[in-house]
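The values are calculated or read from the model by the stated rules, or taken from the named source; none is laboratory data. Because the structure is a prediction, the values reported are computed rather than measured. Cβ atoms come from the backbone with ideal geometry, glycine included; neighbour counts cover every protein chain shown. Keep in mind that these areas ignore ligands, DNA and RNA; they rest on the heavy atoms of the full protein, side chains included. Shrake-Rupley method; radii C 1.70, N 1.55, O 1.52, S 1.80 Å.
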Amino acid sequence: MPGMFGAFNRSLQPALKRARLLSGLRKTQTSWGHNVQFRGCSATSDTFHSHEDSLVIHYGGTQLHFNYVWLRDHCRSASSYNSDTNQRNLDTGSIDLTIRPEHTAVEDGHLVLTWPGGHVSTYSLSWLAENSYERKKHSVLQPRILWNSDIYKNANIPSARWDTFMSCDDELKKFLQNYLLYGIAFVEDVPATVEATEAVAQRVSLIRETTYGRMWCFTSDFSRGDSAYSQLALDRHTDTSYFQEPCGIQVFHCLKHDGTGGKTLLVDGFYAAEKLRQKSPENFELLSRVPIRHDYIENTDKHQNHMTGISPVLNVYPWNNELYQIRYNNYDRSVINTIPHGTVQRWYVAHRELTKELRRPENELWVKLSPGKVVFLDNWRIMHGRESFTGSRQLCGCYLTRDDVLSTARCFGLQA
Ligand SMILES: C[N+](C)(C)CCCC[C@H](N)C(=O)O
Ligand SMILES: O=C(O)CCC(=O)C(=O)O
Ligand SMILES: [Fe+2]
């Protein structure tokens, strides 16, 4: 313990001055330096150290830092937190930003803090570790298996079957697990109707109504001002890139096709983007930093729309660099005027590198969607496209709200 306080004193001399300035009350070290006590068998003198505004806990071979305001804010006592509703009772705005515990102890695997005024907060060390920045920054929010066509085919992922999918929760859980890992999942033997497709979709989540409708069923009739409503081939893309929040999931069911072509192309955008990150981190970084714009402008007799979404092509969580969303739609990408002139050339180079990865033939998974086979795809990760076609082809489906799909998955205990 003396060693610990030695370190404590040395590192805190300047801090002490600051603390005195912040709070007129803290005149001497003893009046604000707090009591430290260890009880219970696992605690040793190097279990934790007190720093200026945080406590450093040594746990499972790592140092975990916990800011004092954070600790007060995350108190799980009944007056601070309602564990029935999982909501905070405490008014964070009323916490003294210079708060320090008056007493700190580690007892039987728990950190026990006594705050000025007598309030006691208890946290299990495992809870603290689980919720620490140090742990989180090394772990992904959503584990995924990135794929090219061989990887996906060799994985032999079974499709769910309509009957069991609709009635058995375990089947739904397996389906969601596959969906989370691969970003695509199939249900087969679905009756070739809009109603059955709607039922399959609703088994997973809420349907997200958009300007295209709730359930849509479309053919090549140019009923909307968009190339999807034609017989043209469509290169790989994400949909609704022009939304502030692009639709999370897309569901497709081909109800009928008398003609040739029309196969569906699926590409794992994250596989391509991670290849880019490995080969050329600066290009990956640029695409994840520079915002660009997508627009949907429709001006027909029946439909008037102007939707805009501004965001980088690649989106990563800032704390762990995990990729969580890709927006890639060369049809709907609009005028680039958000990039300073000195960066435009580099942006096109980076975009080209990503495009090369996305276009590698080995990354393309081609499937013929025939009546009965419903595909769910993660529109934040998986790109889709189609071959041109002849004849009459009817595709129905819908978008799902991402939050509700992920919520269903988490309620099954899946990590998402
Ligand atoms: C036909 N369906 C409703 C599925 C999609 C229409 C959206 C097409 C648009 N270009 C986009 O990529 O967002
Ligand atoms: O026709 C298809 O297979 C897909 C068209 C498309 O990209 C879409 O509807 O979003
Ligand atoms: Fe599309």
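If you put +1 on each Lys and Arg Cβ and -1 on each Asp and Glu Cβ, how big is the dipole of region 149-411 around its Cα centre, in Debye rounded to 20?
On the way: 31 positive and 33 negative charges, 117 e Å.
Dipole size: approximately 560 debye.
Under a 5 Å amide H cut-off, with hydrogens placed 1.01 Å from N, H110 pairs with L125 among residues at least 5 apart or on other chains. Across Y324, Y152, the residue with the most accessible area heads the list, and the full order at a 1.4 Å probe is Y324, Y152.
Take every DSSP beta bridge whose two residues both sit in the chain, then give the antiparallel share in percent to the nearest 5. Taking every DSSP beta bridge within the chain, about 90 percent pair in antiparallel fashion. Summarising the label geometry, the points placed 7 Å from Cα in the beta-carbon direction at S407 and Y331 lie 3.1 nm from one another.
Relative to the longest principal axis of the Cα atoms of the chain, the long axis of helix 2-22 makes an angle of roughly 80 degrees. In this structure, E387 and D96 have a Cβ-Cβ separation that, at R0 = 56 Å, corresponds to a calculated FRET efficiency of about 0.30. For the listed residue pairs K136/K373; K173/K368; K256/K302; K279/K368; K173/K279; K302/K373, the alpha carbons are over 30 angstrom apart in K136/K373; K279/K368; K173/K279; K302/K373.
Rounded if a/c is under 1.5, else prolate if a/b beats b/c, else oblate: with a ≥ b ≥ c from the C-alpha gyration tensor eigenvalues square-rooted, which is the chain?
Numbers: a/c = 2.60, a/b = 2.07, b/c = 1.25.
Note, shape of the chain comes out prolate.
Using a Gaussian network model of the chain in which every pair of alpha carbons under 10 angstrom is joined by a spring, one finds that among L255, L206, L71 the greatest mean-square fluctuation is at L71.
Quick check: with the 1.4 Å probe, what order do D235, D53, D268 take by accessible area, largest first? If you can, show how the numbers build up before the last one.
Values: D235 40, D53 75, D268 5 Å².
Of D235, D53, D268, the descending order of accessible area is D53, D235, D268.
Phi angles across region 259-272 convert, under the Karplus curve 6.51 cos²θ - 1.76 cosθ + 1.60 with θ = phi - 60°, into 3J(HN,Hα) values of x, 10, x, x, 5, 9, 9, 10, 9, 7, x, 6, 4, 5 Hz, Gly and Pro given as x.
For the chain, the longest principal axis of the Cα atoms and the long axis of helix 169-182 meet at an angle of about 90 degrees.
Put a dot 7 Å past the Cα of E209, heading toward its Cβ, do the same for D108, and the two dots end up 5.5 nm apart. Surface calculation, 1.4 Å probe, protein heavy atoms: F412 sits at approximately 50 Å² accessible.
Per-residue surface analysis assigns V375 an accessible area of about 0 Å², computed on protein heavy atoms at 1.4 Å probe radius.
Contact order for region 247-308, expressed relative to its length and based on alpha carbon pairs under 8 Å spaced 6+ residues apart, stands at 15 percent. With angles folded into 0 to 90 degrees, how steeply does helix 194-204 sit against the dominant principal axis of the chain? Use alpha carbons for both and round to 10. Its long axis makes an angle of about 10 degrees.
What's the extension gain from S80 to Q345 if we count 0.36 nm per residue and subtract their Cα-Cα distance? All intermediate terms of the calculation are to be shown ahead of the outcome.
Details: separation 265, 0.36 × 265 = 95.40 nm, distance 5.30 nm.
Going from the current span to full extension adds 90.1 nm.
Of E274, E298, the order by accessible heavy-atom surface (1.4 Å probe, DNA, RNA and ligands excluded), from most exposed downward, is E274, E298.
Exposure check, 1.4 Å probe, all protein chains in place: R386 carries approximately 20 Å² of accessible surface.
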